[in-house]
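The values are calculated or read from the model by the stated rules, or taken from the named source; none is laboratory data. The shown structure was predicted, so the numbers you read here are calculated from the model rather than taken from an experiment. FYI the Cβ positions are ideal-geometry reconstructions off the backbone, even for glycines, and counts take in every protein chain you see. Side chains included, ligands, DNA and RNA excluded: accessible areas come from the protein's heavy atoms. Shrake-Rupley method; radii C 1.70, N 1.55, O 1.52, S 1.80 Å.
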Amino acid sequence: MDPDVLFRASAVVALLGLTSFAWWFATRRRGELRPVRTRRSTSAGRREPAPPTLDRVRTAVAVTAGARATVVQISAEYCSPCRRSAALWTDLVATDPALAFVEVDGGQHLDLTREFGVLSTPTSLLFDTDGTLVGRIGGAPTRVQATQALAHSANTIGLTRPNNSTDPNNSAGSAGTDNSTTTDRIGAER
């Protein structure tokens, strides 16, 4: 076998292996919650500014905070994973009245996109009851990933048990809670 052909074939195999690894590394955390750290010190001893809060989102769109958590999804008009993710969050809000969800068109609200550091859609931002950003999910999460993210949010704010609104024995409740889903009609003029 010609050494030049062997060298080229091995180079192609190495390039394919490197590309496959890079793709895996880039997508391995898609749909998983990445907790947001609150204020940490930098090497120069300065503190980083606090992450933006739910109040910042309220300046752009109408948001009713949930009693347990609020999910704000930054979407795009032609993003099919955004539709899948929004349907999942809407379904979870329908089953748990302590949650709230709002979908924001990132193209119409570039200021929010920049401020929250959104680089791809969908990006779901998870806020606790105080309106503090506790985590973000890049990509469309599965139902299990979304449920785990909400459980993490409950643990972050000190709740010991999730609100099981579908449990008939759970009388705590849905009275006085706003089971709200708001959509910033993707593609609609605002």
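Remarks
- Inter-label distance for Leu16 and Glu115, nm, one decimal - labels placed 7 Å from Cα along Cα-to-Cβ: 4.8
- Within the stretch 86-122, backbone nitrogen closer than 11 Å to the virtual label 7 Å beyond the Cα of His152 toward Cβ: none
- Ordered by solvent-accessible area of protein heavy atoms (1.4 Å probe), largest first, the residues Ser120, Ser75 come out as Ser120, Ser75.
- The residues Asp128, Asp111, sorted by heavy-atom accessible surface at 1.4 Å with ligands and nucleic acids left out, run Asp111, Asp128 from largest to smallest.
- Figure note: Leu125, Leu6 ranked by solvent-accessible area, largest first, 1.4 Å probe, ligands and nucleic acids not counted: Leu6, Leu125.
- Relative to the current alpha-carbon distance between Phe7 and Tyr78, full extension at 0.36 nm per residue lengthens the span by 21.2 nm.
- Computed accessible area, Phe101, all protein chains, 1.4 angstrom probe, square angstrom: 10
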